[in-house]
Structure formats: C-alpha cells, structure tokens
1. Among Arg104, Arg90, what is the fewest-to-most ranking by other Cβ atoms within 10 Å?
2. Got a sec? How would Phe105, Phe66 order by Cβ neighbour count within 10 Å, fewest to most?
3. Which net charge results when you count Lys and Arg as +1 and Asp and Glu as -1 among the other residues whose beta-carbon is under 11 Å from that of Ile29?
4. Over 18 Å between Cα atoms: which of Lys31/Lys96; Lys37/Lys128; Lys65/Lys95 fall into that group?
5. Take Leu133, Leu18 and order them by how many other Cβ atoms sit within 10 Å, fewest up front.
6. Let me check I've understood the local charge: for Asp43, count other residues with C-beta under 14 angstrom from its C-beta, Lys and Arg +1, Asp and Glu -1. What total comes out?
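Values in this text are rule-based calculations from the coordinates and carry no lab data. Only a predicted model underlies this, so the values are computations on that prediction, with no experimental measurement involved. All Cβ positions, glycine included, derive from the backbone under ideal geometry; neighbour counts span all protein chains shown.
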Amino acid sequence: MKAKTGKTIRIPGTKKSLNKDEVFVIAEIGKNFIDSKRDESVDVYIENAKQLITAAKEAGVDAVKFQTHEVEDEQLDVKVVSPHFDGADRYSWVKKNTDATPPRFWQEIKSHADKEGIIFFSTPMSRKAAEKLQAHAALESGLGRCTGLSNA
C-alpha cells in the first residue's frame, strides 16, 4: 500500500478529506434534468434529477453539481438564439429552468443526495439564484465552498 504524503484538504461540510494522491470527482448534472422537447411537471423534473444523482453515485463520483437560475435576475425578455439552447431563445430556456425548480425541487433533490451519501451543490447563475438556494435548501455555492478549504 502506497503511503500518503503531502497536505490533507478537508471538504467543508463533510467528513471527507483528500490527500495528495487522491482525486475528488464531481458529476456536472447542470440542466440535464430538464432537457426535454416539451415542458414537464416539476415532479417529473424532480424524478429526473433524483435518477441522475443515483446514477452518479453508482458511477462512484463524490459530488453532484447543478445550476440554479432565476430568469428575472438573469435575462431580459428579448430574443437571443444560440446553438447552446438547441434553437430556443435564451429567455424562454432560463424561464423554463426557473419554473422547473421551485424551492421544493431543491429541497427534495438535496435530501435525495444526502440519502445517497453524495455531496450536493449548485452554481447559482445570479444573485437571486444564490438567495433561493440559501433560503430554501440550505446549500452553499461552489465558490463559497472553495474559499472555505483549509489545509491540515
């Protein structure tokens, strides 16, 4: 067995720590839970997100990361079309994401990640998105987590 050397990095909010020769794998779920041609119910999006979290856990990752949007804080109602949004205008896409993720969405998928034993976080794409995460799911954003890293 190879001896561990170097500094240990503790992962805030968890019991996990990494040594020099270890890696921390994050599955970027992003917006994949709503990637459908037609609008679905919030319950369908929650179930999709839970399935992606479970699949990530089964694949052996340490954490899952989503994106949190709030349309009124991110995008004016103007037509901006990009291949990134599969031909849809950005306003409609961000509105769909906002509508698909009310507070109970974040609460339920955070709870599911906890049940699966996997670290959950989301990148807020605006100040209002960060406030939604903080108020309704007791989450910390990726940037906030990184500034909390400490060496032992």
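1. Arg104, Arg90
2. Details: Phe105 21, Phe66 28.
Lowest count first: Phe105, Phe66.
3. Net of charged neighbours comes to +1.
4. Checking Cα-Cα distances, Lys37/Lys128; Lys65/Lys95 exceed 18 Å.
5. The most exposed by this proxy come first: Leu18, Leu133.
6. -3
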